[in-house]
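The values are calculated or read from the model by the stated rules, or taken from the named source; none is laboratory data. Since the model is a prediction, treat every value here as computed from it, not as a measurement. Here the Cβ positions follow ideal geometry from the backbone for every residue, glycine too, while neighbour counts run over all protein chains shown. Just so you know, the surface numbers come from the protein's heavy atoms only, side chains and all, with ligands and any DNA or RNA stripped out. Shrake-Rupley method; radii C 1.70, N 1.55, O 1.52, S 1.80 Å.
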Amino acid sequence: MSIKLFPSRFALLKAFVVLFLLLSFLVRSSFFVLSFLEVDKDFFTLANTFIIGFLFDVATISFFVIPYLIYLFVIPKKWHGSILDKIIIYSGFSLSIFILFFSFLGEIAFWEEFERRYNFIAVDYLIYTYEVVKNINESYPLPILISALLALTLTCIFITYRLGNFKQTFRGDTPFKSRFMAGVLWLLMAIASGVFVTNAQADFSDNRYNNELAKTGIYSFFAAFRNNELPYSEFYKTIPNAQAYAMVKQSYYDSILPFINPNENSIYRRIVNSDRVQKPMKPNVIFLFVESLSGNFLQAFGNPDNLTPTLDSLANNSLFFTNLYATGTRTVRGMEAVTLSIPPTPGRSIVKRKENQGLFTIGEVFKQQGYDRYFFYGGDGYFDNMNTYFGGNGFNIVDRGRGFLLDKNIATTRTNIEDDEVTFENAWGVCDADIYNKVLKEADKFHETGRPFFDFVMTTSNHKPYTYPEGKIDIPSGTGRKGAVKYTDYAIGQFIKKAKEKAWFKNTVFVIMSDHCASSAGRWELDVKNYHIPALIFNLPYQQLEKISKLASQIDVFPTLFSALHWDYKSNLFGNDILSMQPDDERAFIGNYRKLGYLKDDKILILDEQKNARFYSWNPLDNSLTVIPSDTDFENRSISFYQVADDLYRNGKLKIKAQ
């Protein structure tokens, strides 16, 4: 069989396959060591992990070799060993080996941060090369790494040369029939892999780490690229659409929440929060959307390191939500959740999709109330499509532009953060203190107009490479996550301190919430504790200070604010007022780009793109999931929210004009 697969003209292919399998085994073994405490070490589970991994390696190789196979068939036999043949083969082999080493080295860095194989995040990173390359350069000794990659590549070429693989390849004595049969075998492997192998087939275990180990990074990368959008009705378990809408509507039925089009597949409704006594209030609203702020960073949630003295103090002087969960694991997913107040839809965030402009967002509610709306970002808002999304949904933009222009059809103003306004900057943008100073400066201007304003402020400092201005806190810049968290908290404290000196402070509400946790990794397919985030509303007029332990979601925070301000408005939002929630109303939505979870009463139903629905009991004490018998009502309720959310988006019913 080896002769058929590797005739002499295929000698370099054999060398490449051996190297790929060896490197993949070493990387898989390294990840096993790094996750030793979490991985399932049962012999049969572990054996399956490596066997499945080997099969994915072979599938990946079969795709990799297709360009080389095409070359072998195109070039005439009389040219075998010619100068042209040698130039092409030496160049192609060298480039392939370099890419191989680069990919596996990148996987190690990716695993270090996300504890996952390449996924849709890696796909996005290819698009935004400026931020990513700069971040890598600031986080790692890039010249040393590139030199090491080149050295490894040259070493492999030298060993391959000494073993005679090049000589065999250039000899040119392989009959066409042998080349043809070997090529057909590799082609059949590639076709079979493309048709029958899916990345989801690696999810054979209840332990997420084993599943990730069983995958191959390069295969996972292309699988994520192919599946960045997953229409719910095609890939997930469904119920009749009418039943789904009925169940979702039932959760909103209230004497003061009449649906505007009760007989249509719509959740558009009137919300009434005012009466003769409770008149609407219209303070300015500044929303700080804090990068990667896990709940467990706060002393309020048991952290002993005193990293967040400002937030811990604010927690005691605000409406503080202690049982709130992010919908996803990325900033754009958090933005989707907050602005659209919607459960996570499978695939990439709506922020990054087509047809994401002119939507009914919280910005539309602010517009109904007479507010001007602004989006602040310390980097270039071209990243992750943020400017297009916010600008296309009625927000004016304030960012650190690098020349990327908005679509001319987007009617918005764009204000740049100038060089003289920047004291510190890294790959992701200006430090948090600088973006907050810009917010203060612009708020002074907004205040002079006499119109209330809503500022959506996206921070960046709590992100690798974890760099920030020196001398502000007692942890040196660039030394790790703890320092970035402490600086993030410090900058919030300085911002609030300066804001208190402003004429507009007494009439301004501050909402502070994390976009997602610092890590979503864990042994379970959805690791519930790694979605727990802090959120608070500070300086709210006439509101009693309170710590609220009701189970709730990111999507509920702004509907809660609107209720506290006694606003009447038309809404297409899924979120509820947390303050008025009854026990039966409490729930949270968590997910990643493939798996969708509905959390309620310490139970969670997880849906995946293979039309599976798994029901678990969640133990908050040790964060474990235990399989329990299915509950049809719980399952249907879970499905209904996700099915309706996706249906509204795909049928244009999230659009303002559709209401």
* To do: Enter the per residue convex hull volume of the range 474-594, computed from alpha-carbon coordinates, in Å³ rounded to the nearest integer.
  => 170
* Once you sort the root eigenvalues of the Cα gyration tensor of the range 76-226 as a ≥ b ≥ c, which label holds: rounded (a/c under 1.5), prolate (a/b larger than b/c) or oblate (the other case)? -> oblate
* To do: Give me the Kirkwood hydrodynamic radius of the range 590-659, using the inverse of the mean 1/r over all pairs of distinct Cα atoms, in Å to one decimal.
  => 13.4
* Asked: Counting other Cβ atoms within 10 Å, which chymotrypsin sites (Phe, Trp or Tyr not before Pro) in the range 356-400 have at most 13 and lie in a DSSP loop?
  -> none
* Structure fact -> Against the 2.2 N^0.38 Å rule of thumb, the C-alpha Rg of the chain sits at a ratio of 1.05
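Rounded, prolate or oblate: which fits the range 342-452 when a ≥ b ≥ c are the square roots of the eigenvalues of the alpha-carbon gyration tensor, with rounded for a/c under 1.5 and prolate only if a/b beats b/c? Mind showing how you got there, number by number?
On the way: a/c = 1.85, a/b = 1.18, b/c = 1.56.
It is oblate, given that a/c is not under 1.5 and a/b is not larger than b/c.
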* Asked: Taking the Cα centre of the range 461-506 as the origin and placing charges on Cβ (Lys, Arg +1; Asp, Glu -1), which of Phe495, Ile473, Gly483 is farthest toward the positive end of the dipole?
  -> Phe495
* Asked: Ala47 versus Glu264, label points 7 Å from Cα toward the beta carbon: distance in nm?
  -> 6.0
* Total formal charge among the other residues, if their Cβ is under 14 angstrom from that of Asn207, Lys/Arg +1 and Asp/Glu -1 -> -3
* Förster radius 22 Å - calculated FRET efficiency between Ile146 and Ile108 (Cβ-Cβ, nearest 0.05) -> 0.90
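Between Met181 and Lys570, what FRET efficiency comes out of the Förster formula 1/(1 + (r/R0)^6) with R0 = 45 Å and r the beta carbon distance, rounded to 0.05? Don't skip to the answer; put the middle values down first.
Numbers: r = 68 Å, r/R0 = 1.52.
That gives a FRET efficiency of 0.10.
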* **Cβ crowding within 10 Å averaged over residues, with 83-89, 243-249 ranked highest first** => 243-249, 83-89
* HN-Hα J couplings of the range 519-526 from phi, Karplus 6.51/-1.76/1.60, θ = phi - 60°, integer Hz, Gly and Pro as x? -> 8, 9, 6, x, 7, 8, 4, 10
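Tell me, what is the per residue accessible area of the chain in Å², probe radius 1.4 Å?
Working: 27750 Å² over 659 residues.
So the chain comes to 42 Å² accessible per residue, rounded to a whole number.
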* Work out how much length Leu22 to Gln243 would gain on full extension: take 0.36 nm times their residue separation and subtract the Cα-Cα distance, in nm to one decimal. => 74.3 nm
* Taking 0.36 nm per residue of separation and subtracting the Cα-Cα distance, what length does fully extending Ser624 through Lys86 add? -> 188.0 nm
* Which lysines, on any chain, are close to Lys502 with Cα under 16 Å apart, when same-chain ones fewer than 8 places away are left out? -> Lys438, Lys441, Lys445
* With contacts defined as alpha carbon pairs under 8 Å and 6 or more residues apart, what's the relative contact order of the chain in percent? -> 19
* Calculate for the chain the 222 nm mean residue ellipticity that helices alone would give, adding -39,500 (n - 2.57) per DSSP H run of length 4 or more and normalising by residue count, nearest 500 deg cm²/dmol. => -13500 deg cm²/dmol
* To do: Pull out the extension gain between Thr423 and Val33, defined as 0.36 nm times the separation in residues minus the alpha carbon to alpha carbon distance; nm, one decimal.
  => 136.3 nm
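What dipole magnitude, in Debye to the nearest 20, does the chain give about its Cα centre under +1 on Lys/Arg Cβ and -1 on Asp/Glu Cβ? Each step should come with its number before you reach the end.
Numbers: 69 positive and 67 negative charges, 412 e Å.
Using only the charged Cβ atoms, the result is roughly 1980 debye.
Take each complete run of DSSP H in the chain, measure how far its Cα atoms stretch along the helix's own axis, and keep only those covering 18 Å or more with mean Kyte-Doolittle hydropathy at least 0.0; list them. It would help to have the intermediate numbers written out before the result.
Values: long enough: 11-34 (35 Å, 2.25); 43-64 (31 Å, 1.74); 83-114 (45 Å, 1.38); 142-162 (30 Å, 1.88); 176-196 (29 Å, 1.44); 432-449 (26 Å, -1.06); 481-499 (27 Å, -0.52); 632-650 (26 Å, -0.79).
In the chain, the long hydrophobic H runs are 11-34, 43-64, 83-114, 142-162, 176-196.
According to the Cα gyration tensor, what semi-axes, each the square root of 5 times an eigenvalue, does the equivalent ellipsoid of the range 176-306 have, listed from largest to smallest in whole Å?
Details: eigenvalues 507, 155, 43 Å².
Those come to 50, 28, 15 Å.
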* Using alpha carbons only: equivalent-ellipsoid semi-axes of the range 280-324, gyration tensor based, whole Å -> 23, 12, 10
* Asked: Ignoring ligands, DNA and RNA, what percent of the 1.4 Å accessible area of the range 424-582 is carbon and sulfur?
  -> 48
* Kindly provide the GluC sites (Glu not before Pro) of the range 376-444 that DSSP labels as loop, not H, G, I, E or B, and whose Cβ sees at most 11 other Cβ atoms within 10 Å. => Glu418
* Asked: Simple spin-label model, 7 Å along Cα-to-Cβ: Asp584 to Ile70 in nm?
  -> 6.1
* To do: Percent of Cα-Cα pairs per 5 Å bin, from 0 to the last occupied bin, for the range 402-524, please list those.
  => 2, 9, 17, 19, 18, 16, 11, 5, 2, 1, 0
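Determine, from the Cβ-Cβ distance of Lys506 and Asn316 and an R0 of 25 Å, the FRET efficiency 1/(1 + (r/R0)^6), rounded to the nearest 0.05. Intermediate values should be presented prior to the final figure.
Working: r = 20 Å, r/R0 = 0.80.
The computed FRET efficiency comes out at 0.80.
What does the net charge come to around Tyr371 if you take all other residues with beta carbon closer than 13 Å to its beta carbon, with K and R at +1 and D and E at -1?
Numbers: positive: Lys282, Lys367, Arg373, Arg451; negative: Glu364, Asp372, Asp455.
Here the count lands on +1.
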* Asked: aspartates and glutamates near Lys653 by alpha-carbon distance under 16 Å, same-chain residues fewer than 8 away left out - which ones?
  -> Glu264, Glu336, Glu355, Glu364
* Label point distance in nm, Val272-Tyr253, each placed 7 Å from Cα along Cα→Cβ -> 1.9
* If the cut-off is a Cα-Cα distance under 16 Å, which aspartates and glutamates reach Lys472, setting aside same-chain residues fewer than 8 apart in sequence? -> Glu425, Asp432, Asp434, Asp489
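Which order do the peptides 148-155, 626-633, 482-489, 404-411 take when ranked by the mean count of other beta-carbon atoms within 10 Å per residue, highest first?
Going from most to least packed, we get 482-489, 148-155, 404-411, 626-633.
With a sphere of radius 13 Å drawn around the Cβ of Asp420, what net charge do the other residues whose Cβ falls strictly inside it have (Lys, Arg +1; Asp, Glu -1)? Can you show the working numbers first?
On the way: positive: Arg400, Lys438, Lys441; negative: Glu418, Asp419, Glu421, Glu425, Asp434.
Here the count lands on -2.
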* For a label point 7 Å along the Cα-to-beta-carbon line of Asn409, residues of the range 316-359 with backbone N under 20 Å -> 350-359
* Structure fact -> Checking rank on 337-346, 279-288, 178-187, with mean other Cβ inside 10 Å and highest first, the result is 337-346, 279-288, 178-187
* Structure fact -> A student applying the Cα gyration tensor rule (rounded when a/c is under 1.5; otherwise prolate if a/b is larger than b/c, oblate if not) would label the range 183-237 oblate
